[in-house]
Amino acid sequence: MKTKRREAPEWVFPWKPRGEPAFPKLLAFVAVALAFGFFLTSVRIHTAAPVAWSNRKASLIHAIDDAEGRALTLRARDGGPFPSRFEPADWPAYATLEKAAMEAARTPQPAYRPALRDLADDPPATHPALAEPGAVVLPRPRPPEVAAQTAPALVLQPVILPISGIRAEAIPRDLPPFTGPADAQITAEPPRFLLRLDAAGTVLDCIALDGGDEAGPSALEKWLRGIPFKPDPAKASRWISVRVSFINQPADGTDAR
C-alpha cells in the first residue's frame, strides 16, 4: 500500500494526511485552556434573592348612617386623594339666600301707566277735483336751446413715422408747418424717404424711395430737410428711413405730432 501511494499520480486524492507537526495544535490547546481558566476564576456572578410577593388582600369598613359612620366617611374623604370641599350650591338654604339677594339688588321701577288724550275733532280731508279730459294741467317743457356748433377748419399736416435706423422716441415732436400741396395720391399712399443725418441731426441728403419728382425735389423733401433731428455725437454720419403720413389738424394750430 505504501508503494502504491507513493506511485499514485498527482490527481489522486491522498485519503490519509501526511505527517504534520503537533506543536501548533498543542499551542492552540494551551492558549484556549489558559483563556478559559482566566475567565472562570475572574468572573463573579451575583444572584439576588427573590422578592416575596405581597398578599393580595384589602380591608373594608362599612359605615352605617349614624354619627360614627358619618364621622368615618368625612375622615376618609378628607384623607383620600380627592379631599371633599364645601359646595355652596349643594346647601339647601342657598337658593333662598340667592333669591333674597337678587330682590334686594333690583332697582324698583314704577308701573308704566300711559296718559290717554282725546282725539282732536279735525274736519275730514277733501279730495281735489279730477282734471277734465284733454285739459293741460302742467305746462309743456320748452326744448333746450342748443347753440349752433361749427366744425373747426381742418387741414392736412404730415407726421413722420420711423421705419429703420431711428426709434419713435427720437422723432422730433415739434414739426414745422407744411405749406406744400397735399394731393390725393400722397395722402392715399404715404411716401418713404431715406435721410442722411450728421452728428448734429441736420438732414444732409434726402432721397425719395418711391421715385420722386423728376423736375426737382418735391415739397415733402424740402420740408424734411428743414427738420432738426436728435443729435448723436458718436456718429458723424448716419442713414435713417422714415415714412410721411398725413392727418387732419386744426387750421389755427400746427401741433403735428
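The values are calculated or read from the model by the stated rules, or taken from the named source; none is laboratory data. All values derive from a computational prediction rather than experimental measurement. Glycine also receives a Cβ, built like all others from the backbone with ideal geometry; neighbour counts cover every protein chain displayed.
Structure data summary
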| read-out | value |
| --- | --- |
| Any hit, the range 99-107, residues being surrounded by 10 or more Cβ atoms within 10 Å (Cβ to Cβ), modelled with pLDDT under 85 and outside any loop (DSSP other than H, G, I, E, B) | no |
| Tabulated pairs, the range 182-205, first surrounded by fewer than 13 Cβ atoms within 10 Å (Cβ to Cβ), second of a type outside the set (Lys, Arg), C-beta under 6 angstrom, 6+ apart or interchain | 200/231; 204/198 |
| Residues of the range 141-161 classified as touching a Ser or Thr at 6+ places or on another chain (Cβ under 8 Å) and not β-branched (Val, Ile, Thr), total | 4 |
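For every residue, the table says whether it meets (1) within 12 Å of residue 229 (Cα to Cα); (2) charged (D, E, K, R); (3) in a loop (DSSP other than H, G, I, E, B).
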residue: 150; (1), (2), (3): no, no, yes
residue: 169; (1), (2), (3): yes, yes, no
residue: 177; (1), (2), (3): no, no, yes
residue: 187; (1), (2), (3): no, no, no
